[in-house]
Amino acid sequence: MSQATNQSWGGRFSEPTDAFVARFTASVTFDQRLARQDIQGSIAHAAMLARVGVLTDDERDAIINGLNEIQGEIERGEFNWSVPLEDVHMNIEARLTDKIGITGKKLHTGRSRNDQVATDIRLFMRDEIDVIEVELKRLREGMIELADREADTIMPGFTHLQTAQPVTFGHHILAWQEMLARDHERLLDCRKRVNVMPLGAAALAGTTYPIDRHVTAELLGFDRPAENSLDAVSDRDFAIEFTSFASILLMHLSRMSEELVLWTSAQFNFIDLPDRFCTGSSIMPQKKNPDVPELVRGKTGRVYGHLMALLTLMKSQPLAYNKDNQEDKEPLFDAVDTVRDCLKAFADMIPAIEPKKASMYEAARRGFSTATDLADYLVRKGVAFRDAHEIVGQSVAYGLKTEKDLSEMSLEELKQFSDIIDQDVFEVLTLEGSVAARNHIGGTAPNQVRAAAQRARDALNALKAGA
């Protein structure tokens with residue numbers, strides 16, 4: 001079974017395209033998502049063509065009015081998408097010709113679907129990056145406020161998931177915020193390379209028409225036109241760069257999710273997540289499952305897959321455009337959707353975290369978390385660090401036998417390990433004394449946490465102001 005050949009390119013063919021091949025090669029089922037950007041690019045292209053005299057003003061106005069009407073049809077769900085017309089570009093162009101006649105066929109003067117689709121994707125990515133940045137800012141704001149609020153809340157810090165030293169909950173949350181600050185920089189840096197215009201490169205070599213690419217770039221809000229026509233139509237670095245950003249971001253969100261899942265468990269009991277971010281069990285009525293962080297953790301692998309798909313898609317392509325590039329859209333679209341949804345979920349959830357301060361404090365008391373403070377105390381008294389390390393190790397062994405934390409031992413008990421230990425040792429063995437002693441930039445002392453939160457807030461506000 002076969003069907004008529006697409007009239008946009010079928011002149012040199014002697015037989016129609018096979019029906020299966022037409023469906024197999026068509027992209028309209030997914031690239032119709034680019035319709036708004038396609039129309040936006042076509043309007044700018046028509047305006048430029050009129051400015052350089054390729055179109056008359058009347059032709060330009062007919063094209064622009066027709067495209068705006070088609071945009072309305074699409075938004076109202078009245079547009080009839082056709083698989084035989086292959087893609088979003090030919091569907092819109094065919095409808096424009098139906099509406100305004102032969103003038104619609106003049107729209108494609110001086111361009112190709114190759115530079116058209118490259119432009120559409122960049123316009124789409126620019127729009128989506130701006131939406132994603134709003135959610136990323138909102139999440140960072142929520143983290144900064146939570147950290148500031150919980151600057152005095154003591155919890156155990158871990159290495160190897162073993163109790164290491166006491167920190168504050170605010171300090172821990174600011175560590176998350178630092179991850180996102182780097183992600184934010186990567187996103188904005190990616191946007192710079194997205195915002196370069198391929199339009200005017202035509203199929204691969206440019207066009208003989210007297211186009212003005214700077215005019216089109218200005219109309220579309222691009223920073224500049226692409227320098228090389230071959231690269232312009234075949235470059236997908238920006239898509240790979242975005243999915244690389246997305247993969248790193250989701251890696252960070254996944255690490256946060258893992259901690260949230262642990263902290264909500266009965267074994268940790270550090271925080272409570274509101275019911276709206278959790279679900280229950282169909283068989284165990286007592287369960288409250290942290291499904292939102294678990295799902296974000298799971299979606300991370302999905303985004304990694306999209307990055308590998310795009311890298312593999314491009315790894316052996318010769319210049320310039322190849323049909324392979326049709327496969328860039330679905331992984332890119334899904335990566336965009338996944339990032340946006342995960343950020344929204346986290347931005348809603350993080351400010352609603354309720355720390356269980358008593359549980360955190362009690363957990364920090366267990367595991368001899370102030371052992372390093374005792375060693376530092378001995379060093380300040382003149383004991384060599386390696387000797388101090390040995391003394392503290394012996395005191396911890398004693399604590400394990402007696403089931404006492406260092407802060408619970410009497411002065412006499414501590415003195416059996418070193419005569420240098422005196423009454424002032426208890427100032428450093430308390431959790432409050434331990435966190436307060438880390439009183440330097442980057443440290444976990446509450447006043448340092450509040451100062452760090454303010455610096456992060458100021459930096460984010462400056463970013464919002466465009467500084």
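Data overview
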quantity	calculated
Counted residues, the range 347-388 - those being of a type in the set (Phe, Trp, Tyr) and open to solvent by 60 Å² or more (accessible area, probe 1.4 Å)	2
Cβ pairs under 7 Å, 6+ apart, first in the range 260-271 and in contact (Cβ under 8 Å) with a residue 12 or more places away in the chain, second assigned to a helix (DSSP H, G or I) and of a type in the set (A, V, I, L, M)	268/262; 270/360
Residue in the range 307-324 that is of a type in the set (D, E, K, R), free of Cβ contacts under 8 Å to residues at least 60 places away in the same chain and touching a Leu at 6+ places or on another chain (Cβ under 8 Å) present	yes
Odd one out for residue 397 among (1) touching a strand residue (DSSP E or B) at 6+ places or on another chain (Cβ under 8 Å); (2) hydrophobic (A, V, I, L, M, F, W, C); (3) at pLDDT 95 or above	(1)
Members of the range 148-162 that are open to solvent by 50 Å² or more (accessible area, probe 1.4 Å) and among the polar types (S, T, N, Q)	159, 162
Subset tally (residues that are open to solvent by 50 Å² or more (accessible area, probe 1.4 Å) and either part of a helix (DSSP H, G or I) or within 21 Å of residue 113 (Cβ to Cβ) (or both)) for the range 52-78	8
Residue match in the range 24-35 (condition: more than 20 Å from residue 124 (Cβ to Cβ) and either open to solvent by 60 Å² or more (accessible area, probe 1.4 Å) or at pLDDT 95 or above (or both))	yes
Some residue of the range 268-284 being surrounded by fewer than 16 Cβ atoms within 10 Å (Cβ to Cβ) and either in contact with a Gly (Cβ under 6 Å, 6 or more places away or on another chain) or more than 30 Å from residue 346 (Cβ to Cβ) (or both)	no
So residue 49, is it surrounded by 18 or more Cβ atoms within 10 Å (Cβ to Cβ), under 20 Å from residue 220 (Cα atoms), more than 30 Å from the chain's Cα centre (by Cα) and among the hydrophobic types (A, V, I, L, M, F, W, C)	yes
Residue tally, condition in a loop (DSSP other than H, G, I, E, B) and either among the acidic types (Asp, Glu) or at pLDDT 95 or above (or both), over the range 268-300	3
Of all residues making up the range 248-267, the number that are open to solvent by 10 Å² or more (accessible area, probe 1.4 Å), among the small types (Gly, Ala, Ser) and in a helix (DSSP H, G or I)	1
Residue within the range 239-246 that is among the acidic types (Asp, Glu), closer than 22 Å to residue 332 by Cβ and part of a helix (DSSP H, G or I) present	yes
Among the candidates 343, 319, 332, residue that is open to solvent by 80 Å² or more (accessible area, probe 1.4 Å) and not charged (D, E, K, R)	319
Boolean, residue 292 is closer than 28 Å to residue 359 by Cβ, assigned by the TED database to the domain that holds residue 193 and buried (at least 16 other Cβ atoms within 10 Å of the Cβ)	yes
1 or more residues small (Gly, Ala, Ser): qualifying helices (runs of 4 or more DSSP H) within the range 398-467	431-437, 446-464
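The values are calculated or read from the model by the stated rules, or taken from the named source; none is laboratory data. Note that this is a predicted model, so its numbers are computed, not measured. With ideal geometry, Cβ positions are generated from the backbone for all residues, glycine too; neighbour counts draw on all protein chains shown. In case anyone asks, the SASA skips ligands and DNA or RNA and just uses the protein heavy atoms, side chains included. Shrake-Rupley method; radii C 1.70, N 1.55, O 1.52, S 1.80 Å.
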